[in-house]
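Working notes for the structure below.
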Amino acid sequence: MKKTGAQIIWECLEREGVTHVFGYPGGAILPAYDALKHSRVHHVLVRHEQGATHMADGYARASGQVGVAVATSGPGATNMVTGIATAMMDSSPIVCITGQVGSKLIGSDAFQETDITGITLPITKHNYLVTHVGDLARTLREAFYVARSGRPGPVLVDITKDAQQSACEFDWESAAPQLPGYRPDLSPASHEYEHALQLIHNAKRPVILLGHGAILSGAMREVRDLAERAGIPVALTLLGLGALSASHPLNLGMMGMHGEAWVNHTIQEADLLIALGMRFDDRVTGNLKTYAPTAKKIHVEIDPAEINKNVKVDVALVGDLREVLREMLPRIESIDRSEWLDFIDGLKGQSAVRDIQNLPDNGHLYAAHVINDLWRETRGSNTVVVTDVGQHQMWEAQYYKHEEPRSLITSGGLGTMGFALPAAIGVKVARPEAEVWVVVGDGGFQMTMCELATMVQENLKINIAIINNGYLGMVRQWQEFFYERNYQATPLLNPDFAKIAEAYGIRTATVTQRSQVVPSVQSARQNDGPVLINFQVEQEDTVYPMVAAGAALHEMIRRPGPIVETAADE
Amino acid sequence: MLNTYVVYVENKPGVLTRVASLFRRRAFNIDSLTVGRTEKPEVSRMTITVEADPDQARRIEANLYKLVNVLLVENITTAPAIVRDLAMIKVAAMHEARSHVLELASVFRARVVDVAPESLIIEITGGDDKIDGLLEMLRPYGVLEMVRTGIVAMRRGSKCSSVVSTANPVAQLAADDDVQYSV
Ligand SMILES: Cc1cc2nc3c(=O)[nH]c(=O)nc-3n(C[C@H](O)[C@H](O)[C@H](O)COP(=O)(O)OP(=O)(O)OC[C@H]3O[C@@H](n4cnc5c(N)ncnc54)[C@H](O)[C@@H]3O)c2cc1C
Ligand SMILES: Cc1ncc(C[n+]2csc(CCOP(=O)(O)OP(=O)(O)O)c2C)c(N)n1
Ligand SMILES: [Mg+2]
């Protein structure tokens, strides 16, 4: 049947299983919008194209399905750049569709012409410029396939206006991807398995380093089986949180720059690191020269370009984590490692992370208290927390215990402020039954708070917790430690967040005391509509412990003063 | 160590940019890059030389493979191979210098491809050493202009680097014994 390019776009999206797209119209994409009327796809009108990309990203991270963002040429497309780079760094599968000026005008500096495929070349997994309607269906199919397969990532498809307007025969079957050089499914050789098994069986002090790849691969069960059968403790990256439940006895917690001190010490003491779907980011390793000096290393990773990039490993198993573990599990011997586990238990006493929970409730409101209370209130009820970037993000990672995969959505690799609110909109659209909480700083919230309107227009029940410390807190912390408390450009003069919420018709509360935290959370949960809570927390509070940039993983900056021992692990 | 890669890519617009951008972004140092047609119209062939240690060399290969349009990568650094560069050198050649230059050209088995009253153009093919050698000898006479193509390389013997089947280069790759990511 003959169809226009515009019709083909929506038809292909539907066939790829897309139910929602996040977008913003403009001249070069208008033909596609014109054809939207006849499509089953629901279009969420965003307020800024960056928001559209974060929403698609949040959608993808929450559901495992490809998220889709749409924008016009020129400024519409360039506004997407930050969101695309965010998705690229965290291996999130999104497809961005942009309109482009007519093919005859390309290269003429036409109105709203930008070379968006050129601009996004280093921040996409792949991108396309489509100038002929006949190429459109196959290109879109390839885009979805590339975005979701192998190591996932963003794919951009730039479609000229004339390709949207002209028509051709549409045949889905004959438009199958043609990607002769693309090889998403590799698998390790048998001698590599042998070598890995031998290292695991010989290790006295092994640690599993669990990352985002476990969630992307859906390997939660296999990871747990491996840990339990071989008696190996598990440390997690920020993006791995939830891949093994926080309450599992072998779960040590987060490693790295703001990880628990005992976790980092454990890694430094280990004789074997088993890295599963994590990429040894510099926030995870600290100084590479002193990283886990006595440990052999096994790296299970789908992307061969990650092997030996930061940390030189002894065995690399290149392939999908779940497949690799399924191959290995039957050959894993159960080994008693109680000595090693007892040793780690001994290290736990050194932790300073939790002592803040024991701080007296002396009229101050600490962000850690807010997060901890939020966790107590919402645990076990299908809650997804979406965090922004900064101190509040680290406190969330430390004090909210994630039991399920995809229950923490956060920008790790790019650290994009402004991510949380739009990403949460994508999360709620993907999982309407989930309870969604935004945990965001007063700085980052103001970067994308225009999306409050999108949330309201789409009638989404999202709860927003602003951790309002009056500072660009994480940067202030660096100034405190490394720039002699020279607080240049970090104090914030904030608007009245309650009034902002009211302007959008959103319920709101302001909390200044610990005793108000739980009631405010309970009331937000009971309310049918979105609620914004402004938590006015201690202004100059600091995230401990911390591995300074360039320091060894075990050389952590600790909370000054006596360490308060904690009894309960809750 | 200077590594030499033979890279087969889909002959599509923008592929050269993708490869060049990869090297820039990852801060790999390209020494030379040549690209041209192959016996198959839908496939182009690149020869890329890069300064890299063995670990880096493997990562360069893996990163090239991440480009969707890259069909096949072969590091032929240690394989027996013919490596060739072509240079054209315009050299001042007046009076008695002329016969010296002509003599040098013949010693280096280079060809004179243009003769003008005050200059000659010499064309020479060979490895880096040979071309650099001639260049050094010609400098005292006055090198007015020079152009080099960058190197192209091909394995010796019957083993081919070529893409047997564009439909499925991956199958070919699996059969290729030197693909290994572990150390
Ligand atoms: C303020 C701030 C502080 C931070 N502090 C910390 C910290 O203290 N600790 C910490 O851990 N992080 C921290 N981060 C986050 C950090 O920057 C990285 O984003 C994070 O460590 C990356 O985690 P990852 O390697 O698990 O995930 P990713 O970066 O997403 O990497 C996933 C890896 O898994 C691989 N993979 C994908 N799919 C599969 C599959 N199917 N099978 C096998 N492998 C697969 C991918 O190829 C990739 O290599 C911080 C970030 C910010 C902004
Ligand atoms: C878009 C962007 N710009 C700048 C930064 C650098 N940065 C990292 S954390 C931070 C401060 C965040 O402040 P706020 O949102 O108030 O959160 P807090 O740290 O106070 O919890 C800044 C400016 C960033 N990560 N992203
Ligand atoms: Mg702040």
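Residue-by-condition table, conditions (1) within 11 Å of ligand 1 (Cβ to nearest atom); (2) closer than 15 Å to A:LEU239 by Cβ; (3) hydrophobic (A, V, I, L, M, F, W, C):
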{"site": "A:THR378", "(1), (2), (3)": "no, no, no"}
{"site": "A:SER381", "(1), (2), (3)": "no, no, no"}
{"site": "A:ALA397", "(1), (2), (3)": "yes, yes, yes"}
{"site": "A:GLU403", "(1), (2), (3)": "no, no, no"}
{"site": "A:SER407", "(1), (2), (3)": "no, yes, no"}
{"site": "A:SER411", "(1), (2), (3)": "yes, yes, no"}
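Exactly one of these conditions fails for A:THR290: (1) within 14 Å of another protein chain (Cβ to nearest Cβ); (2) touching a residue at least 60 places away in the same chain (Cβ under 8 Å). Give me its number.
Of (1) within 14 Å of another protein chain (Cβ to nearest Cβ); (2) touching a residue at least 60 places away in the same chain (Cβ under 8 Å), only one is false for A:THR290: (1).
Here is a list: A:SER407, A:SER351. Which entry is of a type in the set (Ser, Thr, Tyr) and modelled with pLDDT under 95?
Exactly one residue qualifies, and that residue is A:SER351.
Could you say which residue among A:LEU210, A:LEU140, A:LEU136, A:LEU179 is within 11 Å of chain B (Cβ to nearest Cβ), surrounded by 15 or more Cβ atoms within 10 Å (Cβ to Cβ), in contact with a helix residue (DSSP H, G or I) (Cβ under 7 Å, 6 or more places away or on another chain) and not charged (D, E, K, R)?
Going through A:LEU210, A:LEU140, A:LEU136, A:LEU179 in turn, the sole match is A:LEU179.
From the residues in the range A:303-330 that are of a type in the set (Lys, Arg) and away from chain B (no Cβ under 11 Å), which one is surrounded by the most Cβ atoms within 10 Å (Cβ to Cβ)?
Per the criteria, the residue is A:ARG322.
The rows are residues; the columns are (1) in contact with a Lys or Arg (Cβ under 7 Å, 6 or more places away or on another chain); (2) free of Cβ contacts under 8 Å to residues at least 40 places away in the same chain; (3) farther than 30 Å from A:VAL315 by Cα; (4) more than 14 Å from chain A (Cβ to nearest Cβ).
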| position | (1), (2), (3), (4) |
| --- | --- |
| B:ILE60 | no, no, no, no |
| B:LYS90 | no, no, yes, yes |
| B:PRO117 | no, yes, yes, yes |
| B:GLU123 | yes, yes, yes, yes |
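Confirm whether A:GLU458 is more than 16 Å from ligand 3 (Cβ to nearest atom) and at positive phi.
Here the answer is no, as A:GLU458 does not meet what is asked.
Taking the condition assigned by TED's automatic domain parsing to the domain that holds B:GLY133, in contact with a His (Cβ under 9 Å, 6 or more places away or on another chain) and not basic (Lys, Arg), does B:ALA87 pass?
Taking the combined requirement at face value, the residue does not satisfy it.
Answer yes or no as to whether A:THR410 is among the hydroxyl-bearing types (Ser, Thr, Tyr), without any contact (Cβ under 8 Å) to a residue 60 or more places away in the chain and closer than 16 Å to A:ASP90 by Cβ.
Numbers: among the hydroxyl-bearing types (Ser, Thr, Tyr): yes; without any contact (Cβ under 8 Å) to a residue 60 or more places away in the chain: no; closer than 16 Å to A:ASP90 by Cβ: yes.
The answer is no for A:THR410.
Identify the single condition in (1) within 13 Å of chain B (Cβ to nearest Cβ); (2) more than 27 Å from the chain's Cα centre (by Cα); (3) buried (at least 17 other Cβ atoms within 10 Å of the Cβ) that A:VAL300 does not satisfy, given that it satisfies every other one.
(2)
Given the condition in a loop (DSSP other than H, G, I, E, B), without any contact (Cβ under 8 Å) to a residue 60 or more places away in the chain and farther than 30 Å from A:LEU136 by Cα, answer yes or no: does some residue in the range A:195-214 qualify?
Keep residues of the range A:195-214 that are in a loop (DSSP other than H, G, I, E, B), which gives A:203-205, A:211.
Within this subset, residues satisfying the condition of being without any contact (Cβ under 8 Å) to a residue 60 or more places away in the chain are none.
So far as the range A:195-214 goes, no, none of its residues is in a loop (DSSP other than H, G, I, E, B), without any contact (Cβ under 8 Å) to a residue 60 or more places away in the chain and farther than 30 Å from A:LEU136 by Cα.
Any residue in the range B:103-115 that is among the acidic types (Asp, Glu), in contact (Cβ under 8 Å) with a residue 12 or more places away in the chain and not in a strand (DSSP E or B)?
The answer is no; no qualifying residue exists.
One residue is enough: does the range A:485-503 have a residue meeting the conditions farther than 28 Å from A:SER407 by Cβ, in contact with a strand residue (DSSP E or B) (Cβ under 8 Å, 6 or more places away or on another chain) and more than 16 Å from ligand 3 (Cβ to nearest atom)?
Yes - at least one qualifying residue is present in the range A:485-503.
Counting only residues that are assigned by TED's automatic domain parsing to the domain that holds A:ASN127 and out of contact with any strand residue (DSSP E or B) (no Cβ under 9 Å at 6 or more places or on another chain), give me the helices (runs of 4 or more DSSP H) lying completely in the range A:1-91 with at least 3 of them.
Details: elements: A:5-15, A:30-36, A:49-63, A:75-78, A:81-89.
Where helices (runs of 4 or more DSSP H) fall fully within the range A:1-91 and carry at least 3 residues being assigned by TED's automatic domain parsing to the domain that holds A:ASN127 and out of contact with any strand residue (DSSP E or B) (no Cβ under 9 Å at 6 or more places or on another chain), they are A:5-15, A:81-89.
Sort through B:VAL70, B:VAL35 and tell me the only one that's modelled with pLDDT of 95 or more, under 26 Å from A:LEU179 (Cα atoms) and more than 8 Å from every other protein chain (Cβ to nearest Cβ).
B:VAL35
Please return the ranges of helices (runs of 4 or more DSSP H) entirely within the range A:460-570 where 2 or more residues are surrounded by 15 or more Cβ atoms within 10 Å (Cβ to Cβ) and more than 13 Å from ligand 2 (Cβ to nearest atom).
A:497-503, A:514-526
Name every residue in the range A:369-407 that is polar (S, T, N, Q) and within 14 Å of ligand 2 (Cβ to nearest atom), in order of residue number.
Passing the criteria: A:THR387, A:GLN391, A:GLN393, A:GLN398.
Could you please find all residues in the range A:96-122 being within 25 Å of A:GLY413 (Cβ to Cβ), within 14 Å of chain B (Cβ to nearest Cβ) and either in contact with a Lys or Arg (Cβ under 8 Å, 6 or more places away or on another chain) or not in a loop (DSSP other than H, G, I, E, B) (or both)?
A:ILE116, A:THR117, A:GLY118, A:ILE119, A:LEU121, A:PRO122
Starting from residues that are of a type in the set (Ser, Thr, Tyr) and not in a helix (DSSP H, G or I), keep the ones in the range A:371-403 and report whichever is nearest to A:ALA424 (Cα to Cα).
A:THR387
The values are calculated or read from the model by the stated rules, or taken from the named source; none is laboratory data. Note that this is a predicted model, so its numbers are computed, not measured. Note that each Cβ is placed from the backbone with ideal geometry, even for glycine, and that neighbours are counted across all protein chains shown.
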